[in-house]
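Since the structure comes first, as structure tokens, the remarks are kept for the end.
Since every read-out is calculated from the coordinates, none of them should be taken as a lab result. These numbers were taken from a predicted model, which means no experiment stands behind them. Quick reminder, even Gly has a Cβ in these numbers, built from the backbone with ideal geometry, and neighbours come from all protein chains shown.
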Amino acid sequence: HGELKLPGMASDFYRTQVNRHLQIGLRAMEILRDQPAERLHSRKLRSFAETAFQ
């Protein structure tokens with residue numbers, strides 16, 4: 001805030017943020033994968049064995 005960032009600093013920040021978001025997404029998928037199928041109550045969610053498009 002209020003401080004100009006050098007292009008390299010901006011690139012490092014962007015790369016770090018993308019990595020953090022990816023790690024959060026991967027962890028969420030691991031948690032969902034470890035849940036019993038009965039707990040996945042949304043019709044929009046598929047099991048890992050189901051194909052995305054039928």
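Here are a few things to note about the model shown:
- Loop-resident sites, segment 8-54, for chymotrypsin sites (Phe, Trp or Tyr not before Pro), counting at most 15 other Cβ within 10 Å (DSSP): F48, F53
- Computed from phi, the 3J(HN,Hα) profile of segment 24-31 under the Karplus parametrisation 6.51, -1.76, 1.60 (θ = phi - 60°) reads 4, x, 5, 5, 4, 5, 4, 4 Hz, with x in place of Gly and Pro.
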